[in-house]
Amino acid sequence: MLAYIRILLLFFSVGSLSLSLSIGSYVLLLDFLGKCYHGLCLFSLDFMESYYGIRDADISEYKGCEFNWACETCSKALCITLVAVAELPSEYGSFMILGFANNKDHKDHIAVVKGDIYGAEDVLTRLHSACLTGDALGSRRCDCGPQLHTAMRMIESEGMGVLLYMQQEGRGIGLVNKIKAYQLQDQGFDTYDANLHLGFEPDARDYEVSAAMLRKLGVKSVRLLTNNPDKLDQLALYGVEITERVQLELPVHGDDEAYMRTKKERFGHKLDLVDDSSI
Ligand SMILES: [Zn+2]
């Protein structure tokens, strides 16, 4: 009889343990699902809480800004504020998108983030300068659109990385001036001389804000997707640790061959210029 009671107690104990584990798993599952937003589950968004925290702290500081957020009158050397964090499901993968404000160029720069990059090293990183014609209109005058989308696919494939989309159209001269430069290129100038002819530097971009954004994102070191040595030099100058340069080169074709050759020969970009007339 005692043996029966012992067996019953054993079954009861095992049953209770299973029930506890089941309830525990269920609670964990509910907790996990609670962190997935709007049906778009990115497996774990815990890491994003750090960015929501930074955003809230930055916005709080913004409310108390002694310059009333009139950035052009701000005497601080460089003030980068994370003002918005949201999801970005895209054709190239599922990302988070972060919006920044700053008192240096006053432009709307963004970061597209994949995975837990806060405090991470060797983060696959792309600094992409906005190119409306290439990124959105499919222009074949340059390689910007394919570079942008290839970078997003690479970051998605790696499961972790960041793309900074910087409002530096036309290497920093602006959209309409870039079209003026196109006009000159149609008359025989190359992209380098066209910018000079318009009174600009051949490349007017500065990456101090980009470096500050990477610091705000908590990135410790980067593997930079670029063919442009100036990006490497400037980021290093602004204190970003670069552990590797990752080539981001697409095949050239008839429409961008001259432009790509100018990039290599006059801007010093590291390009192989592999021709593919089928594209
Ligand atoms: Zn472009």
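The values are calculated or read from the model by the stated rules, or taken from the named source; none is laboratory data. Model, not experiment: these values are computed from the prediction. As a convention, Cβ positions derive from the backbone with ideal geometry for all residues, glycine included, and neighbour counts pool all protein chains shown.
Counted as qualifying within region 155-265 are the strands (runs of 3 or more DSSP E) with 1 or more residues that are buried (at least 21 other Cβ atoms within 10 Å of the Cβ), namely 161-166, 221-225. On the basis of being touching a residue at least 24 places away in the same chain (Cβ under 8 Å) and either under 15 Å from the mean Cα position of the chain (by Cα) or crowded, with 21+ Cβ neighbours inside 10 Å (or both), does K114 make the cut? So K114 passes the test. Selection of region 110-149 for residues being near the ligand (Cβ under 8 Å from one of its atoms), within 27 Å of V83 (Cβ to Cβ) and part of a loop (DSSP other than H, G, I, E, B) yields only C131. Between a first residue in region 125-149 that is on the phi > 0 side of the Ramachandran plot and a second residue that is near the ligand (Cβ under 9 Å from one of its atoms) and among the small types (G, A, S), which pairs have beta carbons less than 8 Å apart while being 6 or more apart in sequence or on different chains? Correct list of pairs: G138/G145.
Being surrounded by 14 or more Cβ atoms within 10 Å (Cβ to Cβ), within 23 Å of A151 (Cα to Cα) and in contact (Cβ under 8 Å) with a residue 24 or more places away in the chain is the filter here; which residues of region 85-107 pass it? Of everything in region 85-107, those that are surrounded by 14 or more Cβ atoms within 10 Å (Cβ to Cβ), within 23 Å of A151 (Cα to Cα) and in contact (Cβ under 8 Å) with a residue 24 or more places away in the chain turn out to be V85, E87, L88, Y92, G93, S94, F95, M96, L98, F100, K107. Checking the structure you have, find out if any residue of region 71-78 is away from the ligand (no atom under 16 Å from the Cβ), at pLDDT below 95, closer than 20 Å to L235 by Cα and outside any helix (DSSP H, G or I). Within region 71-78 (the criterion being away from the ligand (no atom under 16 Å from the Cβ), at pLDDT below 95, closer than 20 Å to L235 by Cα and outside any helix (DSSP H, G or I)), the answer is yes, since at least one residue qualifies. Taken over region 95-140, the criterion of being among the basic types (K, R) and closer than 22 Å to R245 by Cβ is satisfied by K114, R126.
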